[in-house]
1. For residue B:102, indicate whether it is more than 8 Å from chain A (Cβ to nearest Cβ), crowded, with 22+ Cβ neighbours inside 10 Å, touching a helix residue (DSSP H, G or I) at 6+ places or on another chain (Cβ under 8 Å) and not in a loop (DSSP other than H, G, I, E, B).
2. Give the stretch B:61-82 a look and list any residue that's farther than 19 Å from residue A:226 by Cβ, part of a helix (DSSP H, G or I) and facing chain A (nearest Cβ under 8 Å), or say none.
3. Here are some conditions: (1) crowded, with 24+ Cβ neighbours inside 10 Å; (2) assigned to a helix (DSSP H, G or I). Residue B:292 meets all but one. Which one does it not meet?
4. How many residues, within the stretch B:246-281, are more than 7 Å from chain A (Cβ to nearest Cβ) and more than 24 Å from residue B:229 (Cβ to Cβ)?
5. Could you say which residue among A:194, A:174 is at pLDDT 95 or above and assigned to a strand (DSSP E or B)?
6. Hey, among the residues in the stretch A:73-86 that are surrounded by fewer than 21 Cβ atoms within 10 Å (Cβ to Cβ) and touching a strand residue (DSSP E or B) at 6+ places or on another chain (Cβ under 9 Å), which one's nearest to residue A:156 (Cα to Cα)?
7. Go through the residues of the stretch A:321-339 one by one and say whether even a single one is within 14 Å of chain B (Cβ to nearest Cβ) and touching a strand residue (DSSP E or B) at 6+ places or on another chain (Cβ under 7 Å).
8. Quick check on residue A:251: is it assigned to a loop (DSSP other than H, G, I, E, B), closer than 30 Å to residue A:106 by Cβ and touching a strand residue (DSSP E or B) at 6+ places or on another chain (Cβ under 8 Å)?
């Protein structure tokens, strides 16, 4: 076999399983609970989304499972196009935005790619899987995990791609559109692929998307997800928006039928009902403020101001995040121990915002455990 | 970007959309019909599978769509392991077997791979997407599309991988287990990756699988699909069986969460009910014989003996397969024009076996059109 690109060096990492939250089934097994007895704060999934009529759409489309899904996602792309006001030829749908991260890495093969630390793990893995190497730009706790856009511009001089999650998971680091446009200008000039992951943007900053810019650009790919805001984590749906030439390049390498028929039907339905989107956005916003306020009042914890539907928290006592995760898991509460994020350590954990009663249960148990 | 592997040369092919059947939605649009008014003989999907209780399992598991799917597919792998009698560490689940073809090509990077012509298009595309080149072994019409295993053994001397679909789509070319074992012996000795796609094996030859051999081997990967026999085309589910080291290599590169929660639940359910599998196998077998008999009696058509749930047919009149497809589509009947298969021409079409009333409608319309 060819040795010139070497995904095999990557094998020491085995798989992504270790690097994510949302493993409530495994935790349930470990502590002798049923999966639905676990209150899962570890995955950033919007608990209001189950009021949007998603299950009814699945039921209505059940017979579709006996046919191949439309590999071109024609109806869904039509809806995305109308919802965002971008051309259909500028849109590509995937099995979650994760498929599109890997696809972009494969199509563009960057030798080096700039990635924040800490951030979502799969950017790093996608780059390494194609034989590239990550260049980490550390977000410093001493600066509240914020970073100046000029610092990013200086850091991209020796890379061929840059991944930014906006707002960033798990730190909430956020850039308004006008700041990122400065970066877009430079990446376009230097032909550096700029991948902006807007998976969490809709929670608080729906007006700050780069999608309209992306359709005019050559090197900008905006990724968006149904996993968090619409809670479609189990059904798998995401999409990318970019210039026609870039999308065509990705389509040329994309595997067929990755987006199942139910995800396509539900996605099209959700975007047809913008009034629902506004309603649940407001619900999440209010509850996020509430949870942040409550966490701020627990001695020994320092929550960072949320920019989406999750809160990063620093433990200021002797307790480690792993021990805290274990203690809470025994009580059926699952938080995200952040010690395996590059750039964080065993003093950090992340919680998703859930509904009031559940958040109160979290707060109560945190008070007793810290 | 790096030039050493060149997926970009592949871009001239754009996407897989042109190369498959099952596009009943597009055909419906073209002829002003509703998708459910089309009788789809173009995709090889088992129409008896909808009696297996699949929809009930989807309904029971609906709430799972709000959680990440288990990236390790623990429960499903347990069921597959029991069903096949192979170790759990020898199994990898994918978004259809198609995901695993592409994954294997990426992990193993064969410079050249032997592929039958005609056969399923995605083997060729998976190889090219990783910068490899296909070496075609033509199945000859003059020999009824059969081929001697010794001829394959001679043809693999300058390849690093070989893909065999058994039985082969669309020709039905079939090798019993003992013949393939001779090939396995040689590919193991020469360290040639041997990928056997058993997507259609369960229809007629359930006892001829190489899965038990695969778990002991180093270079053998057996692919199996829920798309055809269980008609889960729209939900996306397939799996691979291989030696522990090979599976570990694939897991190391696999993207997380590609298998949605409903597919996992349905797959585990289906394999727990072997009695259902036997029942629908017998139904398909009987109807396949009936349809083959009827097609044989239409002047101007030569059907090839079926080995699965589809029949390849040669047109012996002036009519082209594209014209025949168009004529039938206007009547709401969709067949698979085979003119875009490498190794076939515009005199071939393929039909899937459907239920009696539908098959009679096909036969009736073929008689009127030929």
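1. Here the answer is no, as residue B:102 does not meet what is asked.
2. Once the filter is applied, which keeps residues that are farther than 19 Å from residue A:226 by Cβ, part of a helix (DSSP H, G or I) and facing chain A (nearest Cβ under 8 Å), the stretch B:61-82 yields only B:74.
3. (1) is the only condition that residue B:292 fails.
4. 2
5. Going through A:194, A:174 in turn, the sole match is A:194.
6. A:84
7. yes
8. Against the criterion (assigned to a loop (DSSP other than H, G, I, E, B), closer than 30 Å to residue A:106 by Cβ and touching a strand residue (DSSP E or B) at 6+ places or on another chain (Cβ under 8 Å)), residue A:251 does not qualify.
The values are calculated or read from the model by the stated rules, or taken from the named source; none is laboratory data. Here the structure is a predicted model, which means the values were calculated and not measured. As a convention, Cβ positions derive from the backbone with ideal geometry for all residues, glycine included, and neighbour counts pool all protein chains shown.
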